[in-house]
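Notes follow once the structure below has been shown.
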Amino acid sequence: TRLKIIPLLTGVAQDRDAFKGRVSSPINVNEHLLFFYTSHELIFYDLNREDILWRQSNTQGLDIDISPQRSNRHIYAAGRGKLFRIPSTPHANALPILPMNMPQMNRMKFSVRENYLYIAHDHGILIMNELGQIVTQSAGNVDSDCSRFSPILFGEQMAFTALQPRGEILYLLSNRGVRIAQRFYESILVEPVISVGHLFLTVRESGKNLLK
């Protein structure tokens, strides 16, 4: 897997480094620092130096299919049914990568906003603060496996999708609880996005790709 940097002015991709195996989605720690990981190691990449600033073995088993997320002070990543908190500033020595105090969760996806973590998993949803204290949880209202996509946060609501034997379900969480907003009888193709007060999804229906 290669790290490519594409300047917006030229649009010409430039190879920077190669890594063994697949790589997680990179996130911006700040304007000159990226964080990502492979199945073997965690990496901070310095964009100014165009070189690896820091690396450490991925002994926590962080899942490259679950995108890491960043708050104001920490990075969060998931692996082996747990969430881990990572300092956003690399140290000369090994980073203290701490598991969050939370139940074991399978097939989770999560998002971070301000000081809260929003987690969709195989039996419902969980909202907790950065200290690991549970703020809201809802179990038994989601009758499907968790989605391939991170929850989408807008206003006081959260949207997430969940797989079912045929197609997917779009759920909405608000102060009134969890409800089904829409059932799709085929797959959602790409990660949904929120814009100008609307949620946009691309789905496969009757042999066609449709934007909804």
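So, in region 137-151, of the ones that are touching a strand residue (DSSP E or B) at 6+ places or on another chain (Cβ under 7 Å) and part of a loop (DSSP other than H, G, I, E, B), which residue ends up modelled with the lowest pLDDT? Before the answer, list the steps.
So the first thing to find is which residues in region 137-151 are touching a strand residue (DSSP E or B) at 6+ places or on another chain (Cβ under 7 Å), and the list is 137-142, 144-147, 149-151.
Okay, now just the ones that are also part of a loop (DSSP other than H, G, I, E, B), so 140-142, 144, 147, 149-151.
Values: G140: 52, N141: 58, V142: 64, S144: 56, S147: 65, F149: 83, S150: 86, P151: 88.
Here the answer is G140.
Can you give me the ranges of the strands (runs of 3 or more DSSP E) entirely in region 157-212 with at least 2 residues that are among the aliphatic types (A, V, I, L, M) and either within 22 Å of I125 (Cβ to Cβ) or out of contact with any Leu (no Cβ under 8 Å at 6 or more places or on another chain) (or both)? Give the steps one after another, and end with the answer.
Working: elements: 157-163, 168-174, 177-184, 193-195, 198-200, 202-205, 208-211.
Of the strands (runs of 3 or more DSSP E) lying wholly inside region 157-212, those with at least 2 residues that are among the aliphatic types (A, V, I, L, M) and either within 22 Å of I125 (Cβ to Cβ) or out of contact with any Leu (no Cβ under 8 Å at 6 or more places or on another chain) (or both) span 157-163, 168-174, 177-184, 193-195.
Here is the figure for region 123-136: residues that are surrounded by 14 or more Cβ atoms within 10 Å (Cβ to Cβ) and either at pLDDT below 85 or more than 22 Å from P192 (Cα to Cα) (or both) total 7. Restricted to region 6-110, the set of strands (runs of 3 or more DSSP E) holding at least 1 residues that are closer than 22 Å to I134 by Cα, touching a residue at least 12 places away in the same chain (Cβ under 8 Å) and open to solvent by 30 Å² or more (accessible area, probe 1.4 Å) comprises 74-79, 82-87. Counting the residues of region 174-209 that are exposed (fewer than 10 other Cβ atoms within 10 Å of the Cβ) and either polar (S, T, N, Q) or in contact with a helix residue (DSSP H, G or I) (Cβ under 6 Å, 6 or more places away or on another chain) (or both) gives 3.
Can you say whether A120 is assigned to a strand (DSSP E or B), farther than 30 Å from L53 by Cα and open to solvent by less than 30 Å² (accessible area, probe 1.4 Å), as far as the supplied structure shows?
Working: assigned to a strand (DSSP E or B): yes; farther than 30 Å from L53 by Cα: yes; open to solvent by less than 30 Å² (accessible area, probe 1.4 Å): yes.
Answer is yes for this residue.
The values are calculated or read from the model by the stated rules, or taken from the named source; none is laboratory data. As the structure is a prediction and not an experimental result, all values here were calculated from the model. Please note: Cβ atoms are built from the backbone with ideal geometry, for glycine as well, and neighbour counts cover all protein chains shown. The protein model used for the area step is the full one, side chains on, heavy atoms only, and it has no ligands, DNA or RNA in it. Shrake-Rupley method; radii C 1.70, N 1.55, O 1.52, S 1.80 Å.
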